[in-house]
1. Being polar (S, T, N, Q) and surrounded by 12 or more Cβ atoms within 10 Å (Cβ to Cβ) is the filter here; which residues of the stretch 88-122 pass it?
2. Any residue in the stretch 79-90 that is in contact (Cβ under 8 Å) with a residue 60 or more places away in the chain sitting within a Cβ distance under 6 Å of a residue that is among the small types (Gly, Ala, Ser)? List the pairs, counting only those 6 or more apart or interchain.
3. Which condition breaks for SER99 when tested against (1) part of a helix (DSSP H, G or I); (2) closer than 25 Å to PRO7 by Cβ; (3) of a type in the set (Ser, Thr, Tyr)?
4. Restricting attention to the stretch 38-79, and to residues there that are among the charged types (D, E, K, R) and not in a helix (DSSP H, G or I), which single residue is surrounded by the fewest Cβ atoms within 10 Å (Cβ to Cβ)?
5. Give the stretch 87-132 a look and list any residue that's touching a helix residue (DSSP H, G or I) at 6+ places or on another chain (Cβ under 8 Å) and among the acidic types (Asp, Glu), or say none.
6. Quick check, is LEU110 hydrophobic (A, V, I, L, M, F, W, C), at pLDDT 90 or above and not in a strand (DSSP E or B)?
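The values are calculated or read from the model by the stated rules, or taken from the named source; none is laboratory data. Model, not experiment: these values are computed from the prediction. Quick reminder, even Gly has a Cβ in these numbers, built from the backbone with ideal geometry, and neighbours come from all protein chains shown.
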Amino acid sequence: MTDSTTPAIAALVLAGGKSSRMGEDKAMMFWDGVPLLKRVTDTANRCCDAVYLMTPWPKTYQDILEPCCIQPLTENPSGQGALVAFSQGPSQIQQAHPSVDWVLLLACDLPRLKVKILQDWQQLLPQMSSET
């Protein structure tokens, strides 16, 4: 994933919303025959050093995800919303994976997420200030 000039990146995928507007779990909705969550995590796995899933329901998704590649995190307390989940995730990742330089925050419902775009962004990271 990374070489000496590319920072180590972990992806944090959020799949914990109520999906009240959709009426069903967005993470499990299909796009071109693949659940949205699987599409996002598969894409992240292709360009990140580690992929973490923030969800209150890890068992719900275990059958569609690669167990060797996706590491579940828990929001505490659960049900507090995306902002809380995204604020807690990076610190949990830093504890589990201290060599990570950057955390890529992703929603579970990004069906058009492309590896090439993520790789292009990754190449720009060395130019970013450490204060970013």
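1. GLN88, GLN92, GLN94, GLN119, GLN122
2. Final answer for the pair search is ALA85/GLY16.
3. Going through the list (1) part of a helix (DSSP H, G or I); (2) closer than 25 Å to PRO7 by Cβ; (3) of a type in the set (Ser, Thr, Tyr), SER99 breaks only (1).
4. The extreme case among them is ASP63.
5. Selection gives ASP101, ASP109.
6. yes
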